[in-house]
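To start, the structure itself, in structure tokens.
None of the figures in this text is laboratory data; all of them are computed from the coordinates on show. None of the values given here were measured: they were computed from a predicted structure. Please note: Cβ atoms are built from the backbone with ideal geometry, for glycine as well, and neighbour counts cover all protein chains shown.
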Amino acid sequence: MKCGSSYRGVEKTFELYKEIFSKDTPSFSSVRKWLGRIGLYELNREKEYRDDWIFIVDLTVELGKEKGLVVLGVSEQLLVEEVFPSKR
């Protein structure tokens, strides 16, 4: 999923379209729970086999006294075709 907004930002965005969709706005906690479910699926699903994986490891994510280890895996093909051209 690609998104440049916080959970509360997503909630506020849904509120903008509330009258168009005629639906209740999901709370930020609902957005967080659904993204957590998607993340759990992504962790547990069978991964495609590739030999061009590049791993980026980061230990700087902190929440209070807790630290989190983040490991991002990206294929070299995706990096060259999508990330480098967008100059991120």
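For segment 1-61, the set of GluC sites (Glu not before Pro) satisfying both a DSSP loop assignment and a count of at most 15 other C-beta atoms within 10 Å is given as 46, 48.
Do you know the relative contact order of the chain, to the nearest whole percent, from alpha carbon pairs under 8 angstrom that are 6+ apart?
Numbers: 56 pairs, mean separation 15.5, N = 88.
It rounds to 18 percent for the chain.
Projecting the Cα atoms of 60, 26, 41 onto the charge dipole of the chain (Cβ charges, centred on the Cα centre) puts 26 farthest toward the positive pole. For residue 8, put the label point 7 Å out on the Cα→Cβ axis and report which residues of segment 38-73 keep their amide N under 13 Å from it. Correct set: none at all. So I have (1) 8.4; (2) 6.3; (3) 9.5, and one of them is mean projected area of the Cα convex hull in nm² calculated from this model. Which one is it? Answer by label: (1). One chain, two ends: residue 74 and residue 30. Fully extended at 0.36 nm per residue, the span grows by 13.0 nm beyond their Cα-Cα distance.
When +1 charges are put on Lys and Arg Cβ atoms and -1 charges on Asp and Glu Cβ atoms, the dipole computed for the chain relative to its Cα centre reaches about 440 debye.
Excluding same-chain neighbours fewer than eight residues apart, the aspartates and glutamates reachable from residue 87 by a Cα-Cα span under 20 Å are 76. Loop-resident chymotrypsin sites (Phe, Trp or Tyr not before Pro) (DSSP state other than H, G, I, E or B) in the chain with no more than 15 further Cβ atoms inside 10 Å of their Cβ: 17, 49. Annotation for segment 1-66: trypsin sites (Lys or Arg not before Pro) lying in DSSP loop with at most 12 further Cβ atoms inside 10 Å of their Cβ are 2, 23, 45, 47, 50, 65.
Once the other residues with Cβ under 13 Å from the Cβ of residue 18 are scored (Lys, Arg +1; Asp, Glu -1), what is the net sum?
Numbers: positive: 12, 23; negative: 11, 15, 19, 24.
Once all neighbours under 13 Å are counted, the net charge is -2.
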